[in-house]
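Working notes, beginning with the structure itself.
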Amino acid sequence: MSVTPRPLTATIDGRGELSPATSTVRRHVSQMRGMYLDADAEAAALRDGDPLVYEVYQYDMPASVGELIPCTTVLHPGRIGEEFFMTKGHYHERRDRAEVYYGLQGEGRLVLAREGAAEVVALSAGTVAYVPPFWAHRTVNVGETPLVFLAVYHGDAGHDYATIETDGFPRVVLWRDGAIEVLSRDEA
Ligand code: S6P
Ligand code: ZN
């Protein structure tokens with residue numbers, strides 16, 4: 001049975017934690033096996049304590065179209081080989097559901113993909129980024145401090161991770177030769 005939410009206020013603390021939150025996700029390298037390009041570097045990270053890559057703090061709402069779900073992501077700095085720490089990335093299960101991101105701290109990139117097309121946009125404090133319907137989305141921390149952002153999306157959007165686990169993203173974001181490089185995955 002769905003519950004009609006009451007008006008809500010929440011706060012985001014200095015490290016990006018949304019409070020109150022009703023669910024929290026913490027993803028380590030071990031929960032993203034196979035997503036980074038460099039399998040040897042991934043194995044080394046797993047041996048070396050399986051670092052925490054990101055945290056998500058969410059206030060869950062009923063899974064219906066009229067609802068909006070607020071959540072924050074704290075994406076830690078780091079790399080697996082040349083590849084910057086990133087989120088798993090997903091399509092929305094209901095592909096026609098859009099989303100808005102608002103950058104709060106740090107320096108990142110938002111990687112968007114749809115049917116072979118790809119765009120990579122900067123995401124930092126003060127950026128408002130629109131994820132249109134039908135576009136897969138992943139964030140990447142290219143800085144030395146946590147990348148923190150607020151996301152707001154439809155209650156019934158859902159998350160399809162399986163398609164990304166199979167197909168990946170067409171672009172990768174790397175630290176190479178002393179610079180941030182965005183490359184086609186096939187040429188990386
Ligand atoms: C939800 C929104 C974000 C991500 C979060 C973690 O639709 O896009 O809150 O869930 O940044 O990424 P991922 O790909 O593991 O869900
Ligand atoms: Zn999303």
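The values are calculated or read from the model by the stated rules, or taken from the named source; none is laboratory data. None of the values given here were measured: they were computed from a predicted structure. All Cβ positions, glycine included, derive from the backbone under ideal geometry; neighbour counts span all protein chains shown. Note: areas computed on protein heavy atoms with side chains; ligands, DNA, RNA excluded. Shrake-Rupley method; radii C 1.70, N 1.55, O 1.52, S 1.80 Å.
Quick look at the numbers
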item	result
Residue count for region 134-161, restricted to those that are over 13 Å from Asp96 (Cβ atoms) and charged (D, E, K, R)	2
Single condition Gly108 does not satisfy, out of (1) modelled with pLDDT of 95 or more; (2) open to solvent by 10 Å² or more (accessible area, probe 1.4 Å)	(2)
Tally of residues being over 17 Å from His92 (Cβ atoms) and β-branched (Val, Ile, Thr) across region 138-162	4
Check on Tyr153, open to solvent by less than 30 Å² (accessible area, probe 1.4 Å), hydroxyl-bearing (Ser, Thr, Tyr), within 12 Å of ligand 1 (Cβ to nearest atom) and at pLDDT 95 or above	yes
Matching residues in region 9-49 - criterion: being assigned to a loop (DSSP other than H, G, I, E, B) and under 20 Å from Leu174 (Cα atoms)	Arg33, Gly34, Met35, Tyr36, Leu37, Asp38
Residue check, Phe169 within 15 Å of ligand 1 (Cβ to nearest atom), part of a loop (DSSP other than H, G, I, E, B) and at positive phi	no
Residues satisfying the stated conditions in region 65-79, i.e. farther than 22 Å from Glu144 by Cα, open to solvent by 50 Å² or more (accessible area, probe 1.4 Å) and away from ligand 1 (no atom under 12 Å from the Cβ)	Val65, Gly66
Only listed residue being farther than 21 Å from Tyr161 by Cβ, at pLDDT 95 or above and either of a type in the set (Phe, Trp, Tyr) or open to solvent by 60 Å² or more (accessible area, probe 1.4 Å) (or both), chosen from Thr24, Thr9	Thr9
Residue in region 149-182 that is nearest to Glu107 (Cα to Cα), counting only those that are within 16 Å of ligand 2 (Cβ to nearest atom) and of a type in the set (Val, Ile, Thr)	Val152
Qualifying residue in region 112-120 (condition: under 26 Å from Asp13 (Cβ atoms) and within 12 Å of ligand 1 (Cβ to nearest atom))	no
Filtered residue count, region 96-126, keeping only those that are more than 15 Å from the chain's Cα centre (by Cα) and not charged (D, E, K, R)	5
Some residue of region 83-92 being small (Gly, Ala, Ser) and out of contact with any helix residue (DSSP H, G or I) (no Cβ under 8 Å at 6 or more places or on another chain)	no
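Residue-by-condition table, conditions (1) of a type in the set (Gly, Ala, Ser); (2) out of contact with any Ser or Thr (no Cβ under 9 Å at 6 or more places or on another chain); (3) not in a loop (DSSP other than H, G, I, E, B):
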| site | (1), (2), (3) |
| --- | --- |
| Val120 | no, yes, yes |
| Tyr130 | no, yes, yes |
| Pro133 | no, yes, no |
| Arg138 | no, no, yes |
| Phe149 | no, no, yes |
| Val152 | no, yes, yes |
| Ala157 | yes, yes, no |
| Val173 | no, yes, yes |
| Glu181 | no, yes, yes |
